[in-house]
1. Being of a type in the set (Gly, Ala, Ser), surrounded by 12 or more Cβ atoms within 10 Å (Cβ to Cβ) and either touching a helix residue (DSSP H, G or I) at 6+ places or on another chain (Cβ under 8 Å) or in a loop (DSSP other than H, G, I, E, B) (or both) is true for just one of 43, 27. Which residue is that?
2. From the list 699, 690, which one is in contact with a Leu (Cβ under 8 Å, 6 or more places away or on another chain) and among the β-branched types (Val, Ile, Thr)?
3. For the subset of segment 287-307 comprising residues that are hydrophobic (A, V, I, L, M, F, W, C) and more than 16 Å from the ligand (Cβ to nearest atom), which member is surrounded by the fewest Cβ atoms within 10 Å (Cβ to Cβ)?
4. If we keep just the residues of segment 326-349 that are in contact with a Gly (Cβ under 8 Å, 6 or more places away or on another chain) and either of a type in the set (A, V, I, L, M, F, W, C) or assigned to a helix (DSSP H, G or I) (or both), which is farthest from residue 378 (Cα to Cα)?
5. Tell me yes or no: at least one residue of segment 136-147 is under 22 Å from the mean Cα position of the chain (by Cα), part of a loop (DSSP other than H, G, I, E, B) and surrounded by fewer than 18 Cβ atoms within 10 Å (Cβ to Cβ).
6. So, in segment 340-370, exactly how many residues are out of contact with any strand residue (DSSP E or B) (no Cβ under 9 Å at 6 or more places or on another chain) and among the aliphatic types (A, V, I, L, M)?
7. Using beta carbons and a limit of 6 Å, which pairs, at least six apart or on different chains, have the first residue in segment 452-466 and more than 16 Å from the ligand (Cβ to nearest atom) and the second one at pLDDT below 95 and assigned to a strand (DSSP E or B)?
8. If you go through segment 331-358, how many residues are out of contact with any helix residue (DSSP H, G or I) (no Cβ under 8 Å at 6 or more places or on another chain), within 16 Å of the ligand (Cβ to nearest atom) and hydrophobic (A, V, I, L, M, F, W, C)?
Amino acid sequence: MTTSSFEFTDKNQQVEVTSANKSLTFSIVKPEIIQVFQDYGKSTHSYAVEGDKTVDTKYAVSKDADHVIIKTDALTVKVDADLHVDVYDQDNHPLVIHYDGQRESINQNIDSAHKKIVRSEGHEVATVDEASKTYYEVLNQLDDDEQFYGLGDKTGFLNKRGYEYDNWNVDEPRPHIESFTHLYKSIPILFGIKQGHPYGLFFDNTYRSHFDLGKESAKYYVYSADDGNLNYYILGGRTLKDVVADYTYLTGVVPLPQRWMLGYQQSRWGYSMDPKRVEEIVDKFEQYHLPLEAIHFDIDYMKGYRVFTWDTDKFADPKGFLTSLRKRGVRVIPILDPGVKQDDDYDIYQEGLKKGYFAKNKDGSVYINRVWPGKSAFPDFGNPDVRKWWGKHCKFLLDKGAAGIWTDMNEPATFDGDMPDDVVMTDEDQPSTAKMMHNVYGHNMAKATYNGIKDATGKRPYVITRAAYAGTQKYSTAWTGDNQSLWHHLQMSIPQLCNLGLSGFSYAGTDIGGFSADTTPELLTRWIEAALFSPLFRNHSALQVRNQEPWVFGKQTLDIYRKFLNLRYHFIPYLYDCFKNETETGLPVMRPLVLNYPDDETVRNMNDEYMVGDNVLVAPIVQQGQTARAVYLPEGEWIALDSGVQHSGRTNILANVPIDKLPVFIKKDTLMPWGQAVEHISDKPDTKMTFRLFGNAATYTHYQDDGIDFNYQKGEYNQYVVSVTADGNCQIKLDHHGYAGQYQTIDVQLNDRVVEFKFDDKSGSYVAAK
Ligand code: GLC
């Protein structure tokens, strides 16, 4: 390599480094974020990063014999004449260092005859992916202590080191296990901790791509893609929280949900075959005093699975029916799949056909594959007009009283083989193919649905999606797809939701109880316990499996289930506060311990505990038959929620956990809002709130608004600062008073007494009752 052509240009926070006729462009987004781009002549439109995120940033560029050096207050990037990139943090600790050696493939050098022998018993023999070898790869050194997190919904454990993953959305009905490289979502954000120093790498490329995180070799990790531009962001910061916040700065936060969305939801494929069945379910919830916010209507409510239809043979008056449920406090969330039935007598198909809104074969004919309705066409959601069209049609469901929309099968799933890569789709205003648009298909469907609901209702939309790409969190909650009623799926739900949270998806959940396979009373009970703080809180099961409503296993299961639903409702104001914080900080609600305690090596591989915000630690039982477990408490003092016993951290304690118990610990010196255990969350403001003190002294900022629309963005919200000093002095300050539904009474529960405050209209402040 000659170094004579090794040079750089620097203009408006863009540094282009050129060497031997190749160039890499570094865009300084802000001190902690630098984008690295190499043009392969492919689309530069980003579905994840919307709008220009660049802020005016102080930086310096210099060159010595070997490197071009770009320096901000947070990052130093060194580029050599081979255009290899090394990154250091503000204190010069290495974060990302290029690996110079060769890749060492895992030995699969068995000849074809032996491969055949192995396969004859049904074993899989991995095929070497030739495409990834011929396009680009980013190869970096791996340190012995380096750990990885993020990557969205991938199977396996919290720490992704030692495994390989693909980014290619698939519908995966087999039991999800740790050797699977991909599921329904592609969220190529990798967080690393190297020698104790955090960083992130976000690869914004929608084509199929791969990570090998130290599986091939302990010396390096690698990202490679099959196509697209080289386009990634280096994320820095002092703490892992800073780095996670960089990622949501780029790709967006989860918008504040409506309050009821944090409550309990019940679902089952098959309920909506018959309104009587739905009523029976709601009756039972009432009879057993179980809280319920929503019932999800699976594909059965439609006419022959045609989207935007309602089977009036089953439901004579859908609107009347949904209204009657709503009066009982229960909302309905109907499902929509992308596949539009190929049927000449069906207006949606006709309209899509006429307007050219469906994905096409290379020869220009409409691409058809089979899904639930039979042969179907697939809306070309990358086209903004198609998104608008779809969004407008959502009104059909909203007018009937739907409180949100469930978008499913949007990988897209197809029953007659995979959709070929060359299927013609649209990338905003440019022609494209499924090869590029596949991984954002679900994203664009969710976005279309979100905007349709927002335009039609003005409320905070409720969309739930199965497929997603980076950034989908701005438009939809997500669930982890078709899990099964298996203990290892309960175990996996914790790392999976924690990694989804780190990957921007603060509002996510698993099918509680398991979707496929038959649950057991013990598994269902442990699942509702473990999922107690899962932001999305929905029990869902498949058509063909045993029922798993809270009452089907008798009184003991029902009583425990009810006890935990009530506990969830006590925590809803806290969860809502966590969501408000998330909209400001980009940090997830449900999170792994490593996010709060990155310097504590014990928690870097913690798969069976999680935290909710900064102050709540949960250690559920996720093993069949277990009634005691070790609970690791990080530094500080912790108070057991149920017994009030205080424990010192940085050690394990043994917790006895009979079937009706869930170990929850509150960090000492925390004030916690404590909502009421209602059966339905009301649209009317709560008149009373309670705060519970754990420890001796604390201050807490609590947020309140109408929990429904966007008026809070115009200042219609209240912010309360509640404080208790060590000598028992208790105060409430209404810091911001923009919402007329302020609490009339606030109780602060101290260790030895309750202090009651009343809102005084005249002074607009809270006064302690004498
Ligand atoms: C898919 C979904 C599942 C749904 C079923 C029928 O399997 O993942 O949740 O119940 O389709 O619509």
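1. Numbers: 27 fails: either touching a helix residue (DSSP H, G or I) at 6+ places or on another chain (Cβ under 8 Å) or in a loop (DSSP other than H, G, I, E, B) (or both).
Just a single option satisfies the conditions, and that option is 43.
2. 699
3. Here is the first cut: in segment 287-307, the residues hydrophobic (A, V, I, L, M, F, W, C) are 290, 292, 294-295, 297, 299, 302, 307.
Now restrict to residues that are more than 16 Å from the ligand (Cβ to nearest atom): 290, 292.
Working: 290: 19, 292: 23.
Selected residue: 290.
4. For segment 326-349, the residue satisfying everything is 326.
5. no
6. Residues flagged as out of contact with any strand residue (DSSP E or B) (no Cβ under 9 Å at 6 or more places or on another chain) and among the aliphatic types (A, V, I, L, M) within segment 340-370 amount to 0.
7. Final answer for the pair search is none.
8. Here the count works out to 1.
The values are calculated or read from the model by the stated rules, or taken from the named source; none is laboratory data. For clarity, every value in this text was computed on a predicted model and none was experimentally measured. Backbone-built Cβ (ideal geometry, glycine too); neighbour counts: all protein chains shown.
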